[in-house]
Amino acid sequence: DQPSPPAATKCERKSAPPGVAARFGLAEGTTLLRLAEPGPPQPLLIGRFGPPTVPIGALDAESFAAVVVPPDGASEPWAGQVAVPIQVCRSPAAG
C-alpha cells in the first residue's frame, strides 16, 4: 500500500546543509514522508526527549510512508531525522 496525500494536505520540503541531517517535528496524527530527490532508501530516525536516534524504517523517493503518532498527553513533541532532503506532508486535521 502506497499512501498518497489528500488534496488538502500541506506538504513542505525539509532539508539541511550538506553533511547535516534534515530534522522535522512529528505531530500527533498521521504524517506522510518520502525522499524529495531520487536516490537509495534512507533510514528514518525518531526521538522524543533527545536527538532522533531510533530507526523505525527506511524512506524512498517512489512512495510515501505513513508515520502515525498516537495522542498520549505528553507535552514533548516527537522529532524525525533523515540524512537527505525529504517531503513532509500533514493533513489539516493533524494541526
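The values are calculated or read from the model by the stated rules, or taken from the named source; none is laboratory data. For clarity, every value in this text was computed on a predicted model and none was experimentally measured. Here the Cβ positions follow ideal geometry from the backbone for every residue, glycine too, while neighbour counts run over all protein chains shown. Note: accessible area is taken over every heavy atom of the protein model, side chains too, but ligands, DNA and RNA are not part of it. Shrake-Rupley method; radii C 1.70, N 1.55, O 1.52, S 1.80 Å.
Between the beta carbons of VAL54 and LYS10, assuming R0 = 30 Å, the FRET efficiency works out to 0.70 to the nearest 0.05.
Computed extension gain for GLU76 through GLU28, at 0.36 nm per residue and net of the alpha carbon distance, reaches 16.2 nm.
Explain nothing, just the number: relative contact order of the chain, from Cα pairs under 8 Å at least 6 residues apart, as a whole percent. Relative contact order, the chain: 46 percent.
Over the chain, accessible surface divided per residue gives 59 Å², non-protein components excluded, 1.4 Å probe. Rounded to a whole number, what % of the accessible area of the chain do carbon and sulfur atoms account for, probe 1.4 Å? Heavy-atom surface of the chain belonging to carbon and sulfur, 1.4 Å probe: 57 percent.
Counting heavy atoms of the protein chains alone, LEU35 has an accessible area of about 10 Å² for a 1.4 Å probe. Volume of the convex hull of the chain (Cα atoms only), normalised per residue: 103 Å³.
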